[in-house]
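The values are calculated or read from the model by the stated rules, or taken from the named source; none is laboratory data. Only a predicted model underlies this, so the values are computations on that prediction, with no experimental measurement involved. For neighbour counting, all protein chains shown are included, and Cβ atoms are generated from backbone atoms with ideal geometry for every residue, glycine included. Accessible surface areas use protein heavy atoms only, side chains included; no ligands, DNA or RNA. Shrake-Rupley method; radii C 1.70, N 1.55, O 1.52, S 1.80 Å.
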Amino acid sequence: MASVVLSEAEKLYIVHGVQEDLRVDGRGCEDYRCAEVETDVVSNTSGSARVKLGETDILVGIKAEMGTPKLEKPDEGYLEFFVDCSSNSPELEGRGGEELGTDIANTLYRIFSCENSVDLKSLCINPKEHCWVLYVDVLLLECGGNIFDAISIAVKAALFNTRIPKVRVLEDEEGTKEIELSDDPYDCIRLNIDEVPCVVTLSKIGYRHVVDATLQEEACSLASLLISVTSKGAITSMKKVGKGSLDPESIFEMMETGQRVGKSLHIALQKILDEEENLGTSRPKVGFLG
């Protein structure tokens with residue numbers, strides 16, 4: 001992951017500030033940076049979103065394609081994740097970027113492995129034969145710290161924006177099945193994203209923990225806890241990253257903070273998505289690759 005080199009004096013300044021609930025950029029320990037969320041930014045996708053969280057810039061595109069259901073779940077569709085870390089940072093070129101991309105993709109698979117996150121049964125067209133496969137492509141344009149949270153926000157916004165064409169399964173007299181795709185672009189299926197979790201990353205700095213850490217703060221943290229939280233505050237998965245250790249008391253405190261901050265994050269994101277949706281076609285197109 002991209003990192004910065006800090007002197008001992010700079011690290012000491014950041015750590016002491018966090019202990020006083022005052023970070024270098026003026027935020028409190030539980031405050032996020034200003035986030036920009038824009039949906040429907042890539043024209044040749046089923047759904048897309050771009051999220052800027054501080055200096056971190058994420059672009060997500062979703063393509064819905066027909067496929068065959070998996071043997072273990074014949075009446076469900078599924079999601080496939082691909083992450084490209086094409087950041088300008090030299091550390092994310094070559095194998096370093098590939099390893100980070102694989103780690104992020106595995107984390108997304110784990111988050112969305114929860115049965116209630118997305119209604120996969122609604123993606124089934126014809127059990128055992130046809131289903132919708134959602135290919136979720138994540139592009140890391142710039143890394144400015146806290147990429148897991150930014151990516152989870154972008155994925156949820158892109159899923160909200162996703163429109164899947166309605167199809168009908170027709171059967172002739174001989175029992176041969178044919179799939180008829182609707183010609184009307186407005187005749188489509190929308191996904192219910194109410195249970196889609198967002199990731200809240202809590203970085204332990206000194207004796208306290210912070211959310212939405214910058215690259216400088218990540219350099220001062222030896223251990224972080226990634227918590228995926230639903231809009232109702234339910235924790236669906238956790239993952240510890242970093243070389244340092246976390247004591248049980250710290251983990252419980254971080255879980256409580258994650259639930260509290262996660263619920264607020266969902267409310268703010270849903271408000272933005274609803275406002276943008278209500279603008280309809282009157283919304284000015286200022287998208288990326290639009």
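List of remarks:
- In this rough spin-label picture, where each label sits 7 Å from Cα along the Cβ direction, the ARG208-PHE82 distance is 4.3 nm.
- With a simple spin-label model that places each label point 7 Å from the Cα along the Cα-to-Cβ direction, the separation between GLN270 and MET238 comes to 2.5 nm.
- For segment 137-184, the residue among VAL155, THR176, GLY145 whose Cα projects farthest onto the positive side of the dipole built from Cβ charges is GLY145.
- Per residue, the solvent-accessible area of segment 78-230 (1.4 Å probe, heavy atoms of protein chains only, all protein chains present) comes to 46 Å².
- Simple label model, 7 Å out from Cα along Cβ direction - SER113 to LEU71, nm: 1.9
- Karplus 3J(HN,Hα) series, Hz, for segment 39-46 with 6.51 cos²θ - 1.76 cosθ + 1.60 (x for Gly, Pro): 10, 6, 9, 10, 6, 9, 10, 7
- By a 1.4 Å probe calculation restricted to protein chains, MET238 has an accessible surface near 70 Å², given to the nearest 10.
- Separation of the alpha carbons by more than 26 angstrom is noted, of LYS73/LYS177; LYS11/LYS240; LYS63/LYS239, for LYS63/LYS239.
- Net length gained if the chain between HIS16 and ASP183 were fully extended (0.36 nm per residue, minus Cα distance): 54.0 nm
- Projecting the Cα atoms of ASN278, ALA64, SER228 onto the charge dipole of the chain (Cβ charges, centred on the Cα centre) puts SER228 farthest toward the positive pole.
- Sites listed here are chymotrypsin sites (Phe, Trp or Tyr not before Pro) in segment 94-191 whose DSSP assignment is loop and whose Cβ has at most 10 other Cβ atoms within 10 Å: TYR186.
- Using Cβ point charges alone (K and R +1, D and E -1), the dipole size of the chain about the Cα centre works out to roughly 580 debye.
- [x] 1.12; [y] 1.02; [z] 1.08, with the label sought being that of the calculated Rg/Rh (Cα atoms, Kirkwood Rh): [y]
- As a fraction of the 1.4 Å probe accessible area of segment 3-132, surface on carbon and sulfur atoms comes out at 49 percent.
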